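The values are calculated or read from the model by the stated rules, or taken from the named source; none is laboratory data. Predicted model only: the values in this text are computed from it and were never measured. Cβ: placed from backbone, ideal geometry, glycine included. Neighbour counts: every protein chain shown. Note: areas computed on protein heavy atoms with side chains; ligands, DNA, RNA excluded. Shrake-Rupley method; radii C 1.70, N 1.55, O 1.52, S 1.80 Å.
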Amino acid sequence: MEMMIRGRRNRRSAAVRGLVRENRLAVEDLILPVFFHADAEEVDISSMPGCTRWSVEGLIGEAKRVYEMGIRAMVLFPKIDDALKSADGSECGNDEGLVPQVIRAIKAAVPGMCVITDVALDPYSSDGHDGLVVRGCDGELKILNDETVEVLCEQALCHARAGADIVAPSDMMDGRIGAIRVALDEAGFEEVGIMAYTAKYASAFYGPFRGALDSAPKEGDKKTYQMDPGNVREAVRELLMDEEEGADVVMVKPAGPYLDVIARLRDETTLPIAAYQVSGEYLMIKAACGSGWLDEKAVVMESLLGIKRAGADMILTYFAKDVAQWLKD
Ligand code: PBG
């Protein structure tokens, strides 16, 4: 055949493929989400095989180990004692609480680690919602927006006082990015960054996470604040608001089923984009590989490269440690 153009020339050897490769995964891209509680013993999380709910001491050891492997960022998810949960979630602003204690301990043990904290009420709320709950006269639960934002500002300030590098509001209340930015600046924390969960969908893929933290809503669902899976223009609208309100990084969550949303935001913003490969995405890969049906390393690397190709700069993934090791090998 006479052909001027042959695509296969650029695929003929590993060397050539390396030269023409457009996207790569690096250990610097990774953010490791970690679970922990106030108890002294460590628990295997049954809904997320391979993940641990650490004691404070165990978590410090883990932070040191993953730092050695090249991981430079962690995001903290506490399991709060039931006795400390309340309708107003006030434990979230306690400077002596579990999260501030862990932030201080990690920053003391591993100063180079970028400590990112989740800002939302669900671990602290006896209702299991990300915001404050009232029951309307129609009997329906309502999530209060502006009152919640006030509490979220207290929570963010509490994390900043303890030394958090970045706060990550995952609650999807309106106006929280701007309010948290003002609260941080007024308190002298202008260097603390905000990673906004900009397009956080009301997803069934969060199930294993809620199992890990026992944080599922007691009643109702999160559809009045998290986004409808059918929408992408709405993600752009959320992006424009978060940009205007001072977000430093914007996030899409989940990642794999929402690659088009990542790509769309990539076209619309100059801000860095984070993508969260959530617990259900993790569990699907683990389950399929555990039964021998898929090759775990290959599938994990491909899933993360796909997320980068879509336009993400950084990825939150429960596979971060494995990936750091595989990238080294
Ligand atoms: C809570 C929060 C959730 C996740 C991160 N922060 C759960 C939820 O919104 O119900 C999910 C993460 C995962 O599934 O891996 N604000």
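Details
- Most positive-pole-ward Cα, PRO254, LEU98, VAL323, against dipole of the chain from beta carbon charges: VAL323
- Percent accessible area from carbon and sulfur atoms, the chain, protein chains only, probe 1.4 Å: 51 percent
- Label-to-label distance for GLU191 and CYS114 is 1.5 nm, based on points extended 7 Å past Cα in the beta-carbon direction.
- Relative to the dominant Cα principal axis of the chain, helix 146-162 is inclined by about 70°.
- Dipole-positive endmost among VAL182, CYS158, ALA235 within region 27-328 (Cβ charges, Cα centre): ALA235
- When only the Cβ of Lys, Arg, Asp and Glu is charged (+1, +1, -1, -1), the dipole of region 27-328 relative to its Cα centre reaches about 980 debye.
- Rounded to 10°, Cα long-axis angle of helix 98-109 versus longest principal axis of the chain: 50 degrees
- Region 120-159, dipole about Cα centre (Lys/Arg Cβ +1, Asp/Glu Cβ -1), debye to the nearest 20: 60 debye
- The modelled label-to-label distance for the pair ARG6/LEU294, using points 7 Å beyond Cα in the direction of Cβ, is 3.4 nm.
- Listed residue (ALA40, VAL16, LEU76) projecting farthest to the positive dipole end of region 4-107, Cβ model: VAL16
- Rg(Cα)/(2.2 N^0.38 Å) for the chain, N = residue count: 1.02
- On Cα atoms only, tilt of 279-290 relative to the major axis of the chain in degrees: 50 degrees
- Taking the Cα centre of region 78-169 as origin and assigning +1 to Lys and Arg Cβ atoms and -1 to Asp and Glu Cβ atoms, the resulting dipole is close to 420 debye.
- ALA287/ASP214 FRET efficiency (R0 22 Å; Cβ-Cβ; nearest 0.05): 0.55
- For region 27-328, accessible area per residue (1.4 Å probe, heavy atoms of protein chains only), Å²: 41 Å²
- Distance between the pseudo-spin-label points of ASP322 and LYS142 (7 Å out from Cα toward the beta carbon): 4.6 nm.
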